[in-house]
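The block underneath contains the structure these notes are about, expressed in structure tokens.
Please treat every number below as a calculation from the coordinates, not as lab data. Bear in mind the structure is a predicted one, so any value in this text is a computation, not a measurement. Quick reminder, even Gly has a Cβ in these numbers, built from the backbone with ideal geometry, and neighbours come from all protein chains shown.
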């Protein structure tokens, strides 16, 4: 029988020290560190498109958007120096309003996002819908809107915190001619802009099937 592998657990400060020196991005969940995978072409297009829309619509307002390289903390305030309870992650996009609040003097961990956007990937969709969303809801008091954006089909789900304090599915949008309204920050995101340049696998397959098949040309034998 092989020996069980001991799980190495890091404190929040150990994680942050290593992450600030790393060329790759990692997330921190209760003492464990997980490397993040690279993004697909569709994921990149969607993130850039959304960032451009937020910047244009929030210009001159009290709110601003941040790139995917800004970390967010969604966990309890560390009470002890050696604590391993906490969650540091990277969202695909965030919007904050008012003065940004940070974890420490490095100003690279935001504490007060209002809107968080995650572009779904097959390997992370369950995590984004489940554990990540749960921790966002539980530990970020300024958090009011959550957008889940598919990269395999035109589909955006908007979850919103209502006046009674419950999270509700405010909209599910699938038509490229429609848009998503985020009233809390005064933005309206057009689906066509979100998915600009994105090619969906199912549509590509349909187009390939509809193309007329060429008959193979054969040479006639000489008499």
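One table, with the values for the structure above:
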| read-out | value |
| --- | --- |
| Tally of residues being assigned to a strand (DSSP E or B), under 19 Å from residue 161 (Cα atoms) and in contact (Cβ under 8 Å) with a residue 24 or more places away in the chain across segment 173-194 | 5 |
| Residues of segment 169-180 that turn out to be surrounded by fewer than 15 Cβ atoms within 10 Å (Cβ to Cβ) and within 19 Å of the chain's Cα centre (by Cα), as a count | 3 |
